[in-house]
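Just dropping this structure here.
The values are calculated or read from the model by the stated rules, or taken from the named source; none is laboratory data. Source: prediction; values computed, not measured. We place every Cβ from the backbone using ideal geometry, glycine too, and count neighbours over all the protein chains shown. Accessible surface areas use protein heavy atoms only, side chains included; no ligands, DNA or RNA. Shrake-Rupley method; radii C 1.70, N 1.55, O 1.52, S 1.80 Å.
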Amino acid sequence: MTHLQVDEDELAACVACGLCLPHCPTYRVTGLESASPRGRIAAMRAVQWKGADVTGSFTEFMDLCVQCRACEVACPSSVPFGRLMEGTRHTLAAQTRYQPWWRRLGYRALGRHRLLLAGSTGLAAAQRLHLVPKRFGLPPLPLRQPKLHASGTDVWLFTGCVMDAWMRSTHAAVQRVLEATGAGVALPGAGGDCCGALHTHAGLTDKARALAQRVMASMPGDAPIVVDSAGCGAALKDYAHLLGTPEAATFAARVFDVHEWLATRMERLPPPARRLPYPIAIQDPCHLRHVQKAHQHVRTVLAPYADLRELDDDGLCCGAGGAYATMHPDMAADIRARKLAAIARSGAPVVASANPGCAMHLAAAGLIVKHPLELVDEALHAR
Ligand code: SF4
Ligand code: SF4
């Protein structure tokens, strides 16, 4: 009999009203109750309360969840679905073959930054030689990366693992915008790379805890920590829960999404040299909107620099889901199709996304996607 590592009261909180169903991307695509939040909770209860077997089908529907947490926001009973799913996947990873060796190897590589940087350069070279199939959905990777230089100690800029390896030019733009407010920017020391978000999502909780300890040690002191990746920011803010220590709680209280931090300092940001000459569609990453609830700050920061267009899909997930688009490419593409239609209806030629995973997933479908602060940087420095 399998005992899921979930809180009994949290598991019991669902009243099966079904109000979350229209907000669930996997339910929207499949129409299956078992691919909905209510169906997943019912399956967890069957295992936990009735001793049902953990079957291949159970694992499949748990793994098919994007962990977008849109269901949490819609739920009148405040069911913490993200915690239930993390606990369930932790159990599956510990007691079954849910995470095979090749997936674990990939997750392990995320915490080895030099290896990741070298691998990314190799992958970029392979792309130039047309050796990487397009179906992998990878953006064109840079052969060379700009070097970042610390400029002060007012605020830490968390740089992460994949984003630092593939999109460091975004960090450079974010640093320029932070410096335009007069802030000096510090960069993390050794170990300040992988935040462990993907490990937590995969149920590899022990590895996520080890990475969290490293990240905390890499940014000592009491200066605020700003994060330009919505997924990483949500993970860093959750360290108090992940580690359960007073030190982790103190650290988490220092973490801000970079737009959240800038929104309270708008008077320090210079006016645009030229407002951007095209409208921007705002895509809300799930971990900014549903988890951090900081998505409105993107609008506050961008509005002086461009005309903004809202999407009419009520913040529906785009299907990227961290590593999800790699594990479930067909479902991720089906979910994305709804987002692409909403973006097309907006009529905007450029999309702003505050999460690298969403940006790459949408760019792989042919859209022009930029980080909101890349757009601010462009407007600040336009000639
Ligand atoms: S987290 Fe997202 S994909 Fe998973 S059940 Fe909730 S709404 Fe559906
Ligand atoms: S998770 Fe919340 S919204 Fe969904 S069925 Fe249960 S109580 Fe209703």
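List the number of the failed condition for Q95; all other conditions in (1) within 14 Å of ligand 1 (Cβ to nearest atom); (2) more than 28 Å from L288 (Cβ to Cβ) hold.
(1) is the only condition that Q95 fails.
For (1) buried (at least 16 other Cβ atoms within 10 Å of the Cβ); (2) closer than 20 Å to G322 by Cα; (3) away from ligand 2 (no atom under 15 Å from the Cβ), each residue gets a yes or a no:
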residue	(1), (2), (3)
R45	yes, no, no
G51	no, no, yes
Q67	yes, yes, no
W101	no, yes, yes
A109	no, yes, yes
L129	no, no, yes
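When you check V47 against the structure, is it in a helix (DSSP H, G or I) and β-branched (V, I, T), yes or no?
Here the answer is yes, as V47 does meet what is asked.
Restricting to region 7-43, give me the number of residues that are away from ligand 2 (no atom under 11 Å from the Cβ), in contact (Cβ under 8 Å) with a residue 60 or more places away in the chain and over 24 Å from D313 (Cα atoms).
Going through region 7-43 one residue at a time, the tally reaches 1.
Are any residues in region 183-207 touching a residue at least 40 places away in the same chain (Cβ under 8 Å) and in a helix (DSSP H, G or I), and if so, which ones?
Residues satisfying the conditions are A197, L198, H199, T200, H201, A202, T205, K207.
Considering only residues that are within 14 Å of ligand 1 (Cβ to nearest atom) and among the basic types (K, R), which ones fall in region 15-58?
Result: R28, R38, R40.
Of everything in region 307-331 that's open to solvent by less than 50 Å² (accessible area, probe 1.4 Å) and free of Cβ contacts under 8 Å to residues at least 40 places away in the same chain, which residue is farthest from G366 (Cα to Cα)?
Looking at residues that are open to solvent by less than 50 Å² (accessible area, probe 1.4 Å) and free of Cβ contacts under 8 Å to residues at least 40 places away in the same chain, I get D313.
I would also like to ask the following. Among the residues of region 83-90, is any in a helix (DSSP H, G or I), over 23 Å from the mean Cα position of the chain (by Cα) and surrounded by 15 or more Cβ atoms within 10 Å (Cβ to Cβ)?
no
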